[in-house]
1. Among the listed residues C:MET86, C:MET113, identify the single one that is of a type in the set (A, V, I, L, M, F, W, C), closer than 21 Å to C:GLU187 by Cα and not in a helix (DSSP H, G or I).
2. Taking the stated definitions as given, is C:ALA272 at the interface with chain B (Cβ under 9 Å from one of its Cβ atoms), part of a helix (DSSP H, G or I) and free of Cβ contacts under 8 Å to residues at least 12 places away in the same chain?
3. Got a number for residues in segment C:14-37 being in a strand (DSSP E or B) and more than 14 Å from chain B (Cβ to nearest Cβ)?
4. Among (1) closer than 30 Å to A:ALA187 by Cα; (2) surrounded by 22 or more Cβ atoms within 10 Å (Cβ to Cβ), there is one condition A:ASP54 misses while meeting the rest; what is its number?
5. Check B:PRO66 against each of (1) part of a helix (DSSP H, G or I); (2) under 19 Å from the mean Cα position of the chain (by Cα); (3) not hydrophobic (A, V, I, L, M, F, W, C) and name the one condition it does not meet.
6. So is C:ALA199 small (Gly, Ala, Ser), within 22 Å of C:PHE128 (Cβ to Cβ) and modelled with pLDDT of 90 or more or not?
7. Of the residues C:ALA182, C:ALA176, C:ALA190, C:ALA160, which is closer than 25 Å to B:ARG247 by Cα, touching a strand residue (DSSP E or B) at 6+ places or on another chain (Cβ under 7 Å) and surrounded by 15 or more Cβ atoms within 10 Å (Cβ to Cβ)?
Amino acid sequence: MTRLPVNLMIGAVLVGLVVATAALSLVWTPYDHTLLNIRDKFAPASPVHWLGTDQLGRDVFSQLMAAARNSVAVALTAVFIGGSIGVSLGLLASAIGGLVEDIVMRLADISFAFPALLFAIMLAAVFGPSLTVAVVAIAFINIPVFARVARASANQIWTREYVFAARAAGMGRFAITRDHVLPNIAAPVIVQATIEFAIAILAEAALSYLGLGAQPPAPSWGRMLSEAQTLMYLAPQLAIYPGLCIVVAVLGFSLLGDGLRDVTDPRLVRER
Amino acid sequence: MTLLAVENVTKRYRLPRRALLKPPAVLTAVDAASFTLERGQTLGIVGESGSGKSTLARMVMAFEKPDAGRVLFEGNDLAALSPNTLRSLRPHFQLVFQDPYGSLNPRRTVGWSIAEPLRATGQAERHRVSEALDQVGLRPADAEKYPHEFSGGQRQRVAIARAIVTRPSLLVADEAVSALDMSVQAQILNLLMDLQDELGLAILFISHDLSVVGSICDSIIVMKHGKIVEYGAAEQIMRAPEKGYTRSLMTAAGLI
Amino acid sequence: MIKASKLSVSLGAGQAVRDVSLLVRPGDRIGVVGESGCGKTMLGLAMIGMTPAAAKVSGSLRLDNAEMVGADEKSWQVQRARRVAMVFQEPMAALNPIKRVGDTVMEPLIIHMGLSRAQARECALSLFEEVGIPDPEARFRQFPHEISGGQRQRVLIALALTCDPGLLIADEPTTALDANVALRITELLARLARDRTMALLFISHDLAAVARSTEDMLVMYGGDIVERGKTAAVLSDPRHPYTQGLLSARPRPENVRETDGRRKRLPTIPGAVPPLADLPAGCRFAGRCPVEMSQCATVRPAEREGTICHQLEAAT
C-alpha cells in the first residue's frame, strides 16, 4: 500500500473546496450577488451577511461564490483550449520531425518570448475587454507550454522499442501516435495542466484587476480586489477576502499538480 | 529468388560539431557491407558495441535508409519503395528486440500487442493470436494479461509471437537472448530453432555472443568498426577462424 | 578474515539469502554464480552493509572479529573505509559525471586516509598505474564521459582500492562491457587479488569469467548456496542438478547437428525462477528439478561435500 503524498491530499481538498463552491453558486448563493442595497453598505460580518457587504451593499460571500465560478470556468476553458492545441502541435512535431518539428518549436519559442500581458492588452484594445479576451489570452500563453511538454515526452516514447515494433508491424505515424504515444504521455500532460490551471486562475485575476477581463457586474476576484483597493483604509476586509480566495485556489492547484507529479513520475515511484 | 540481399550498404552519421566553423565529423557506422540470406537459413552477425551490427539491422528493417548501396528484400529495394508499399511489405519481415519489457507497450494487453501487425494490414483475426501464442509455448488465455504479469523469458516469447503472427519469411533478432538468464536463454534459442523448422523462417541473428551465434547459425558475419572482417559458413569459422579479431572474440567467449 | 554464518536477508515475505555460511580468507578468490533473483547481489550487498532499507539481515557476519549484523551505519562506514570495497556493474552510473576522475579517486584518500592533496595525488596516480590506466596523468583530468567503459571500470577499481581493502566485492563488473574489454577487467581483478593478497568476491552470471578469475566458487539458487567447491572441479564435474542444468544449457558451437542434419536443441531447465515469496520451503530447486523426490519441496536438504541435495544425501 503506497501512501499518497501530503501535498496531493491538501491540494485535492483545496481544489475540491473551490470547485464545489463554484458548482454550488450555479444553483444557490445566499443573495443575488448583483443585488444593490446602498443602505446596508459596509455592513460587518453577521448572521445576515456572513462576510458583510461592500460599498454598494452587495453581499460579499455571494460575490465570492459567483466569482469562483468565473475563475474556474475561465481557467478550465483556457487551459483546455491551450492544452488541446499545444498537445496536438507537440504530437505533430514529434511524429513528423524534421522541418515541421523545427518550425513548430521555433514558433513556440517566439510565442514564449511574447509578453502575455501585452497580448491581452492588444486583444482588449481591438475587441474590448471581456472574459472572452481573458480566456483567449490565457489559452494563447498555454499553447507553447503544452507543445513543449508534449513534444519532449512524445520524443521519448518514439525511441521506445514498442514503437519500433509498431513501425515494424507496418503501423503509420498517426496510428502510433494514437495507440502508443498519447496514452503514455497522458500523465505528464495532466500534471502540467493542473499546474497551468493555478497559473490561469492567477492570470484571470490579474487581467480582471487591470480591467481587461471580467466587466461589471460579472463578479471576479481580481475585479473585487481592484474595487476594494481604493477603500483599503475604510474596509480592508473587502480586499482580504478575494485575496484569500485567490491564494487558496492557486495553492490548491499547485499542490495538486506537484502531488500528481510525485505520484506519476516513474523515477520517484521506483524509489519507494 | 534470394530472400534478403544487402549490397554494398554504407551508413554514415554526422557527429555533433566540435567547433562552429569546422565541418562536423562523420562516423561511418556501416562501411560497404554485402551479404545474402536465403529462405530458411540463419545468418549471425557478431561484433562488439559500435561495430555497426545494430545499424545494419535497422537498415534491413527499413527504419533507416542507407547512404549508399541497396537492401533488397525479395528483390525489392526497401529504400526505393513508397511508404504505402513498404507498409504492405512489412508483415513479411519482423523484428525481435533485446529487451522484451521495452518492446511491449506496458499499458496494453499482450494480445493487443501481438495483434498489432495484423491490424496494421487490416487482418485482425483472433485465432491467429491464439495460434501464435500456442506456437511460442504460451496459453491463448495469456492474451488478456499485461506485460508485467510475465517473467522475462515469457515476455520474450510474447515478443516472438508478435513477430511471427503475420507468418513472415524473415525474422531479425537483435540481441534477442542477451538480456535473458542462462537457462531461459536456452529455452528461447530452442524456440527459435523450432519455429524455423516449422515455418521455414530465415533468421538474421544479431549478437555480441559468439558462442550463441556459433551454435544456432548457418553462416556468420564478424563485424568491427562498421566493416565485415570475416564472413563464411558457421562451422568453418568456429573451427578455423581466419582473422585475429575473430579469434580474440572466441577467446573472450571462453571458446578457445 | 571474514566469516558469515547463517547469514540471511529477508525481503518482505521472501528470503533473498537463506542461512549462508561463508569463510573468506586473505587472498581468496571466490566466484558467486547464479541467475537473476538467486540472491548473489544481495549477498554481496549484505557483506558491505548496503542492503536496501526494506531488507532485514539476520545471522552473523564477522569482519575481523567485529560482529556486523545489526551494526549501525557509522561502524559500517568505518569498515567500508578500511576493510571492504565494492565495484558495480554500471561504471557510468557509479561515477559522479561532473567530477574529474582524478578528484573522485583522491577524495577518499584525503578524507579517510588523511593524506595531503599532494600525497593523495601521488597515491591516486600510482593506483591508476596499478589498474592499468595508460597515461594516468592525462586521464586524471578527464571527466567520466570522456573515457571508455573499460577505463571507467578501471577508475572504479582504483577508487575501491583507495582504502586498501581486505575484501573487494565485484558485482557483475564486466556485464556492461564488450567481451574483449571484459576479459581484461577480469584478468585485472584476479591479478590485483594475487598481488595484494586481497580477497575477491566475484559475482557474475558469466561462467567463463568466473572460471578465469577465481579459485573457488559458489553456485546460488533461490537464496541458497546449492553447491560450492574449487572452481575447476565444479565446472568440470557439477554435482547439484541445478549446476548441471546451468552448465549444459550453455550454447556450445560444436556438434551442433543431429545425424539427420537437423540442429540439436539445447538442454534446458524447465520453467523459470519463481518470485521470492513463492520459493518452495524445502529445496529451492524443487519443482524444476529433473531428479526430484517426494520430500524435496518441503524438507531442506543438509549440506554434504559442498552441495545441498537430497539425491546426493541419499547416495552417500
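The values are calculated or read from the model by the stated rules, or taken from the named source; none is laboratory data. All of these numbers come straight from a predicted model, not from anything done at the bench. Using ideal geometry, Cβ is built from the backbone for each residue, glycine included, and neighbour counts are taken over all protein chains shown.
1. Values: C:MET113 fails: closer than 21 Å to C:GLU187 by Cα.
Being of a type in the set (A, V, I, L, M, F, W, C), closer than 21 Å to C:GLU187 by Cα and not in a helix (DSSP H, G or I) holds for just one of C:MET86, C:MET113, which is C:MET86.
2. no
3. Step one: list which residues in segment C:14-37 are in a strand (DSSP E or B), which gives C:14-24, C:29-33.
Add one more test, that the residue is more than 14 Å from chain B (Cβ to nearest Cβ), and what stays is C:14-24, C:29-30, C:32.
Looking only at that region, the number is 14.
4. So A:ASP54 meets the others, but not (1).
5. (1)
6. Values: small (Gly, Ala, Ser): yes; within 22 Å of C:PHE128 (Cβ to Cβ): no; modelled with pLDDT of 90 or more: yes.
Considered against the rule, which asks whether it is small (Gly, Ala, Ser), within 22 Å of C:PHE128 (Cβ to Cβ) and modelled with pLDDT of 90 or more, C:ALA199 comes out as no.
7. On the way: C:ALA182 fails: touching a strand residue (DSSP E or B) at 6+ places or on another chain (Cβ under 7 Å); C:ALA176 fails: touching a strand residue (DSSP E or B) at 6+ places or on another chain (Cβ under 7 Å); C:ALA160 fails: closer than 25 Å to B:ARG247 by Cα.
Only one candidate passes the filter, namely C:ALA190.
Yes/no matrix, rows are residues, columns are (1) without any contact (Cβ under 8 Å) to a residue 12 or more places away in the chain; (2) under 24 Å from B:GLN154 (Cβ atoms); (3) touching a Phe, Trp or Tyr at 6+ places or on another chain (Cβ under 9 Å):
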| site | (1), (2), (3) |
| --- | --- |
| C:SER236 | yes, no, no |
| C:ARG239 | no, no, no |
| C:TYR242 | no, yes, yes |
| C:LEU247 | no, yes, no |
| C:GLU254 | yes, no, no |
| C:ASP260 | yes, no, no |
| C:ALA277 | no, yes, no |
| C:ALA281 | no, no, no |
